[in-house]
Each structure stands twice: as C-alpha cells, then as structure tokens.
2 protein chains.
Amino acid sequence: MGHKGEALRQRIIVAADLLFYQRGYENTSFSDIAKDVGISRGNFYYHFKTKDEILNAVIDTRVSDIEQMLNEWGKQYPDPRQRIQHYIDILTNNQENIKSHGCPIGSLCSELAKQNHALQQDANKMLTVLRDWLTVQLKELGLGKEARQTAMHLLARSQGIASITNAFEDKTFLQQEVKRLKQWLDEQIQ
Amino acid sequence: MGHKGEALRQRIIVAADLLFYQRGYENTSFSDIAKDVGISRGNFYYHFKTKDEILNAVIDTRVSDIEQMLNEWGKQYPDPRQRIQHYIDILTNNQENIKSHGCPIGSLCSELAKQNHALQQDANKMLTVLRDWLTVQLKELGLGKEARQTAMHLLARSQGIASITNAFEDKTFLQQEVKRLKQWLDEQIQ
DNA sequence: CGAAGTTTAGGGCAACCATCCTATTTACTG
DNA sequence: CAGTAAATAGGATGGTTGCCCTAAACTTCG
C-alpha cells in the first residue's frame with residue numbers, strides 16, 4: 001500500500017472526528033465526511049468499509065492523542081499537582097467548543113450508550129485512560145485507596161461542568177466552576 | 001373533539017417520552033412509537049403532525065411534571081434542607097435507569113444541542129426550572145447572591161454523576177457521589 | 001514502455017424515515 | 001336513525017442513508 005492512501009486516511013479521520021463532535025455520530029453521514037474532505041463516496045468507501053470502522057479509527061486516534069498528551073505532561077511537569085491542574089485547564093482552554101458542542105468524550109459516550117452501540121466500550125477507553133492517569137497522579141500526592149474514587153470524582157465534575165456549560169451556553173459558568181474545582185483540589189492535597 | 005382522542009394522545013406522549021429517553025430523539029421513529037402504543041402511523045399522524053410537535057409535547061409534560069413534583073415537596077417538607085436532599089435523592093431513586101440511559105434531561109439537552117434543534121431552548125426549561133427552584137431553597141437557607149451560583153453547581157454535579165454512572169454502568173459510583181454531595185451540601189448550609 | 005497493484009469517481013440499490021393522502025370505521029348529535 | 005365529525009388504518013411518496021459495484025485513472029517497478 002502506498003503512503004498516499006495513508007495520508008488521505010488520516011485526513012478522513014480528522015474530518016470525521018470533528019463532525020462527530022459537532023453533529024454527533026449518527027447525525028453525520030458518509031457524504032458529509034466525504035464532502036468535507038473533498039473526495040467521492042466511492043473513494044471514502046475504499047478507505048473505510050463501514051461506518052463503525054471509521055468510528056473505531058476516530059476513537060483510537062482520540063485515545064492515543066490523550067495518552068500522548070498525558071505522557072507529555074509527565075515529562076514536562078515534575079509536580080503531579082501541576083499535571084492535574086493542566087487536566088482541569090482543558091476545560092478553560094476549550095471553553096468555546098464546550099459551549100457549542102459539549103465535551104467530545106462525554107457526548108460521544110452518551111450517544112453510543114443510547115444506541116447500545118458495539119463500540120461503546122471502546123469509547124469508554126477515553127475515560128478510563130484519564131481516570132487511571134488521574135489515579136496515579138493522586139497517589140503520588142499521597143492519596144491511598146481513595147485515589148481512584150477521587151479520580152472518578154474529578155471526571156464527573158468535569159463532565160458536569162461541560163454539560164451545563166453546553167446547555168446554558170455559558171462560558172462564565174465554566175470559569176466559575178473551574179475556579180471552584182481548583183480550590184477543592186487544593187484542599188484535597190495538602 | 002371527543003375525550004377518547006385526548007386519552008390516546010396522552011398514551012402517545014408517555015410512550016414517546018420513554019423511547020426518547022431510552023434510545024434518543026433522532027434514533028426513535030414514528031413507527032417505533034406507534035408500535036409501542038399499538039396504533040398505526042396514520043393514526044399517530046392524526047394526533048401529531050410533525051416529529052417536533054411530539055417532542056414539544058414530551059418536553060412540556062416533563063416540565064410540568066417537574067414543577068408539580070417541586071410543588072409537592074414545597075407542601076410536604078417545611079425545611080428547604082430536606083427539599084434539596086430530596087432533589088439529590090432523585091439520583092439514588094433512579095439509579096437503575098441512570099445506569100442504563102443517563103439523565104433524561106441532560107442527555108436530551110445534549111442531543112438537541114448537537115443538532116442545533118429549534119426546541120433546544122424549550123428543553124433547557126427542564127434545567128432552568130430546577131435551577132430557579134434550587135436557588136429559592138438556598139436563599140431560604142440564608143445564602144445571598146451566591147445562591148444561584150450554588151444552584152448551578154448542584155445541577156452540574158448531578159449531571160456529572162449521571163454521565164459517569166451511565167458511561168461506566170456503575171451504580172456504586174453513583175451512591176458514593178450522592179453521599180459526597182450531601183456532605184458538601186451540609187457544609188454549605190450550617 | 002507495460003503490466004500489476006493502488007486509488008478514485010460516481011451510479012445503483014435496498015432499507016428506512018417523516019410525511020401525505022385516501023378510505024374506512026367509530027362516536028356523537030339532532 | 002341519519003348525518004356529520006372524530007378517529008383509525010395503511011398504502012404512496014420523496015428524500016436520505018449505508019453500502020455495493022464497476023470502470024477509469026494513477027503509481028510503481030520490472
């Protein structure tokens with residue numbers, strides 16, 4: 001297989017990723033993606049034989065993007081405290097998108113759960129990667145058995161903030177909640 | 001208009017409500033609802049001319065159900081503290097459904113937001129009714145200007161708990177978080 | 001160059017969906 | 001009981017979707 005096909009494959013994944021986020025998975029058609037990439041449906045089908053296949057590719061990409069980001073933070077920031085703060089800052093850094101489309105992880109998991117989709121478990125990997133990473137960070141900060149539970153709590157808080165920010169289209173709320181969440185974090189790890 | 005039609009109309013709304021919750025709005029067809037009610041599509045169309053129309057009816061029903069519930073609590077429980085605890089208990093009381101289908105309010109708002117649906121604002125009413133009611137309760141408990149912000153925080157926490165419970169299909173997590181949320185509430189209003 | 005493999009385009013198909021339409025049955029009223 | 005209105009059934013329609021198929025164009029390499 002030539003590398004030209006591989007490059008196009010990547011472009012398709014990027015376009016699909018964005019559309020799935022903005023419009024949802026079911027609400028995005030092959031034609032929508034093909035149009036965005038600027039190719040024909042036939043060509044699209046050459047690269048991805050089913051819709052599940054491209055969803056799978058999008059999820060895989062997202063998971064490894066997350067893993068890479070967390071890895072990066074591990075190298076850049078020696079203090080787990082700092083790393084977790086960067087996790088929370090994801091909310092602030094993406095507030096415009098969150099306001100318009102919610103959390104890309106949470107909204108996808110929610111949609112797939114509703115259709116009992118076969119790839120629901122794969123989508124959950126986006127969450128478990130974050131959960132496990134947060135657990136490690138919290139343990140490094142001296143938390144014991146409760147680290148995992150606290151990590152889950154952090155996930156839930158983030159999801160809640162994204163949901164309400166999206167529903168009310170209110171970035172101010174997001175900012176308030178981020179501040180509150182950071183205060184709470186400081187109290188947990190002194 | 002006879003009252004027979006009105007009764008069927010109600011049955012349609014109930015069936016649609018449930019299906020929208022379990023499968024999502026877009027993922028539910030006229031035929032699905034008609035089949036559940038046990039009527040033909042033609043009859044269905046006699047009662048609701050468009051899909052938006054039935055969504056509208058479902059939202060209206062949900063909103064007034066919520067209002068009625070809150071009203072009831074107002075009469076039954078003299079202490080706002082108690083009332084808010086009942087709000088939190090909604091999570092526990094519906095944990096099985098939340099595990100399988102998420103929060104009926106949050107997941108609908110999220111879906112409609114993704115499609116830029118005309119009724120998104122109407123769906124938000126389910127949230128604003130709760131927010132405003134929580135604000136009143138918190139003010140009665142002595143909170144001032146921060147009452148509204150705290151109410152929003154409560155909404156977000158609930159949404160987050162529902163999202164993660166649904167994604168991980170983990171009722172234990174829901175129970176842990178409810179406990180935590182009640183502890184937090186106690187700290188806010190002493 | 002020329003053959004074999006890779007990539008692209010786009011027409012076609014069966015299924016599904018929201019909606020429309022018409023015909024029939026049922027309920028109500030004078 | 002007759003006639004009008006309400007209610008029900010289900011076929012028809014036009015649009016969209018995921019997916020299939022075939023032919024053409026392009027790449028690669030002996």
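Tabulated results
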| read-out | value |
| --- | --- |
| Odd one out for B:Arg81, checked against (1) in contact with a Leu (Cβ under 9 Å, 6 or more places away or on another chain); (2) of a type outside the set (Ser, Thr, Tyr); (3) within 16 Å of DNA strand D (Cβ to nearest atom) | (3) |
| Which listed residue is open to solvent by 50 Å² or more (accessible area, probe 1.4 Å) and under 29 Å from B:Asn27 (Cα atoms), from B:Glu67, B:Glu72 | B:Glu67 |
| Residue within region A:10-25 that is within 8 Å of DNA strand D (Cβ to nearest atom) and within 22 Å of A:Gln120 (Cβ to Cβ) present | no |
| Any hit, region A:54-63, residues being loosely packed, with under 14 Cβ neighbours inside 10 Å and at pLDDT 95 or above | yes |
| Which numbered condition A:Asp36 misses (of (1) without any contact (Cβ under 8 Å) to a residue 12 or more places away in the chain; (2) within 15 Å of DNA strand C (Cβ to nearest atom); (3) of a type in the set (Asp, Glu)) | (1) |
| Identity of the residue in region B:1-23, within 14 Å of chain A (Cβ to nearest Cβ) and more than 17 Å from B:Ala57 (Cβ to Cβ), that ends up least open to solvent (accessible area, probe 1.4 Å) | B:Gln22 |
| Some residue of region B:94-103 being more than 8 Å from chain A (Cβ to nearest Cβ), modelled with pLDDT of 95 or more and outside any helix (DSSP H, G or I) | yes |
| Filter result for the condition that a residue is within 12 Å of chain B (Cβ to nearest Cβ), among the basic types (Lys, Arg) and open to solvent by less than 20 Å² (accessible area, probe 1.4 Å), over A:Arg157, A:Arg148, A:Arg180, A:Arg131 | A:Arg157 |
| Among (1) loosely packed, with under 14 Cβ neighbours inside 10 Å; (2) within 12 Å of A:Ala167 (Cβ to Cβ), the one test that B:Asn124 misses | (1) |
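Matching residues to (1) within 13 Å of DNA strand C (Cβ to nearest atom); (2) assigned to a helix (DSSP H, G or I); (3) touching an Asp or Glu at 6+ places or on another chain (Cβ under 7 Å):
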site: B:Asp32; (1), (2), (3): yes, yes, no
site: B:Asn43; (1), (2), (3): yes, yes, no
site: B:Lys49; (1), (2), (3): yes, no, no
site: B:Val63; (1), (2), (3): no, yes, no
site: B:Gln68; (1), (2), (3): no, yes, no
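Every residue, every condition in (1) acidic (Asp, Glu); (2) touching a Leu at 6+ places or on another chain (Cβ under 9 Å), yes or no:
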residue	(1), (2)
B:Trp133	no, yes
B:Leu143	no, no
B:Arg148	no, yes
B:Leu155	no, yes
B:Ser158	no, yes
B:Asn166	no, no
B:Glu169	yes, no
B:Leu174	no, yes
B:Lys179	no, no
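The values are calculated or read from the model by the stated rules, or taken from the named source; none is laboratory data. Predicted model, so just to flag it, every value in this text is computed and none were measured. With ideal geometry, Cβ positions are generated from the backbone for all residues, glycine too; neighbour counts draw on all protein chains shown. For the accessible areas, the whole protein counts, side chains as well, though only heavy atoms, and no ligand, DNA or RNA atoms are used. Shrake-Rupley method; radii C 1.70, N 1.55, O 1.52, S 1.80 Å.
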